[in-house]
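Shown next, in structure tokens, is the structure this report addresses.
We did not get these values from a lab; they are worked out from the coordinates using the rules stated. Fair warning: this is a prediction, and the values are worked out from it, not measured in the lab. Virtual Cβ from ideal backbone geometry, glycine too; neighbours counted across all protein chains shown.
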Amino acid sequence: MVTRAIDKVNDCKTMGEVRAGVNALDDILVPLLVERSGYMTQAAKVKNDENLVYDQDRIDAIIERVRPHAEREGGNADLIERIYRAMITCYIDYEHDELARLRAEGLKPRTANADKGDAS
């Protein structure tokens, strides 16, 4: 039998038990969020264009992917969408910051000629 995420939640009798569960999850989430931010640094480097940082099609694809995943795990898809939209906004800001940092460290801006051979 496949266990959904919601089925792993303990039946808590005290706020101490609730907080212990949340803290244990935060210990897992924080490293994953840091790892995800590393990919935003990579995106800034690869895109190397301020105009490419915000990508509505990609945002839509992420939301379309996570909503049914949340439902399969027994979660509230609307809540997960709101969390993801907030997280994406933060990561877009971070990607802009990272692109500025990379440029300050010597990353040369893309030129029109550099883009012509890029089939990715």
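I need to check one value: relative contact order of the chain, counting alpha carbon pairs closer than 8 Å and at least 6 residues apart, in percent.
Computed value for the chain: 34 percent relative contact order.
Return the label of the correct value of log10 I(q)/I(0) by the Debye sum over Cα atoms at q = 0.13, 0.16 Å⁻¹, as calculated from the structure shown, out of (i) -0.70, -0.92; (ii) -0.41, -0.64; (iii) -0.49, -0.74.
(i)
For an R0 of 30 angstrom, estimate the FRET efficiency from the Cβ-Cβ distance between residue 111 and residue 79 and round to the nearest 0.05. Write out the running numbers ahead of the final one.
Values: r = 43 Å, r/R0 = 1.45.
Calculated value: 0.10.
Report the gain in length on full extension from residue 100 to residue 54: 0.36 nm times residue separation, minus Cα-Cα distance, nm rounded to one decimal. Walk me through the numbers on the way to the answer.
Values: separation 46, 0.36 × 46 = 16.56 nm, distance 1.48 nm.
Full-extension gain reported as 15.1 nm.
For the chain, build the charge dipole from Cβ charges (+1 Lys, Arg; -1 Asp, Glu) around the Cα centre, then report which of 61, 48, 106 sits farthest towards its positive end.
Of the options given, the answer is 106.
For every helix of n ≥ 4 consecutive DSSP H residues, a contribution of -39,500 (n - 2.57) applies; sum these over the chain, divide by its total residues, and give [θ] at 222 nm rounded to the nearest 500 deg cm²/dmol. Don't skip to the answer; put the middle values down first.
Values: 5 runs with 87 residues, N = 120.
Mean residue ellipticity at 222 nm (helix-derived): -24500 deg cm²/dmol.
Which residues in the range 42-67 have a backbone N closer than 18 Å to a point placed 7 Å from the Cα of residue 93 along the Cα-to-Cβ line?
Those under the cut-off are 44, 53-55.
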